[in-house]
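Participant: Supplied in structure tokens, the structure appears directly below.
We did not get these values from a lab; they are worked out from the coordinates using the rules stated. Just so you know, these numbers come straight off a predicted model, no measurement behind them. Note that each Cβ is placed from the backbone with ideal geometry, even for glycine, and that neighbours are counted across all protein chains shown.
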Amino acid sequence: MKVILMEEMPGLGEPGQIVTVADGYARNFLLPRKRAIEASQANLKNLKHHQQAIGRKQARHAASARAVAERIGQISLQLSAKAGEGGRLYGSITSGDIAEALERDFSITVDRRKIELPNPIKVLGPHSAVVRLHRDAVATLSLEVLSAGGEPAPAEAEAPAASTVEEPPAAPSE
């Protein structure tokens, strides 16, 4: 089935482009979500108008994405997680955790799929993540992973700690 894309679809095409896709993909995914319209004769005649509308929509989206990317670039996000020996986390920090923290702390809504981590975050300390909001708007988010309660951070763990030896309770005498 031939469709006219209304928004950018990775691996498929740009807005306003006419592409051929499987019938089921068009009927069940693209058309109901308004990501494409059927390439009928009437829609092909109106393509020029659609391209202008798509261009205006893309320009608005790009402008707002650049503003959010600039704001994200100035943020230093602090996350806390349970850590064990040597500053290793019990689990990892995911892009979903980062998106949730941005929403909670700074009221910035970012889809977790737009946050790219080079490797899973599994240790305490400073890290960075790339946030791709739009093809023209990319920001680098700096984040610090801190220990939550339990074990101290590696720098704190190196300090000598006083050890106490507990004596076992005395057995009752008979």
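Participant: At 222 nm, what value in deg cm²/dmol follows for the chain if DSSP H runs of at least 4 each add -39500 (n - 2.57) and the sum is divided by all its residues, to the nearest 500?
Facilitator: -8500 deg cm²/dmol
Participant: Whole-Hz Karplus ³J(HN,Hα) for segment 53-68, in order, using 6.51 cos²θ - 1.76 cosθ + 1.60 and θ = phi - 60°, x for Gly and Pro?
Facilitator: 5, 5, x, 5, 5, 5, 5, 5, 5, 5, 5, 5, 5, 5, 5, 5
Participant: Moving on. Below 10 angstrom from the Cβ of Glu38, what's the summed charge of the other residues (Lys, Arg +1; Asp, Glu -1)?
Facilitator: So the environment of Glu38 carries a net charge of +2.
Participant: Moving on to the next point. Under a crude label model (7 Å from the Cα following the beta-carbon direction), how far is Leu146 from Arg132 in nanometres?
Facilitator: 3.2 nm
Participant: What lysines sit close enough to Lys34 to cross-link, taking a C-alpha to C-alpha distance under 25 Å and skipping anything fewer than 8 places away on the same chain?
Facilitator: Lys2, Lys45, Lys48, Lys57, Lys114
Participant: Something else now. Place a +1 charge on the Cβ of each Lys and Arg in segment 71-157 and a -1 charge on the Cβ of each Asp and Glu, then give the dipole magnitude about the Cα centre in debye, rounded to the nearest 20.
Facilitator: For segment 71-157, the charge dipole is close to 320 debye.
Participant: Mind listing the phi-derived Karplus ³J(HN,Hα) values for segment 116-127, rounded to whole Hz, using 6.51, -1.76 and 1.60 with θ = phi - 60°, and x for any glycine or proline?
Facilitator: 10, 10, x, 9, x, 7, 10, 9, 5, x, x, 9
Participant: I would also like to ask the following. Write down the percent of antiparallel bridges among all DSSP beta bridges whose residues are both part of segment 71-157, to the nearest 5.
Facilitator: About 70 percent, rounded to the nearest 5.
Participant: Which part of segment 1-26 falls in the paramagnetic zone of Asn46, meaning amide N under 17 Å from the point 7 Å along Cα-to-beta-carbon?
Facilitator: Of the residues in segment 1-26, 3-7, 16-18 have backbone N under 17 Å from the label point off Asn46.
Participant: Mind pulling the angle between the C-alpha long axis of helix 95-106 and the longest principal axis of the chain? Nearest 10 degrees, somewhere in 0 to 90.
Facilitator: 90 degrees
Participant: On to the next question. When the chain is fully extended, how far beyond the present Cα-Cα distance does Leu117 get from Arg60, taking 0.36 nm per residue of separation?
Facilitator: Result: 17.8 nm gained on full extension.
Participant: Could you tell me what percent of the DSSP beta bridges with both partners in the chain are antiparallel, to the nearest 5?
Facilitator: In the chain, DSSP labels about 80 percent of beta bridges as antiparallel.
Participant: Something else: Rank the residues Asp105, Asp23 as a footprinting-exposure proxy: fewest other Cβ atoms within 10 Å of their Cβ go first.
Facilitator: Ordered by Cβ neighbours within 10 Å, fewest first: Asp23, Asp105.
Participant: In addition: Can you give the relative contact order of the chain as a percent, counting alpha carbon pairs under 8 Å and 6+ residues apart?
Facilitator: Answer for the chain is 19 percent.
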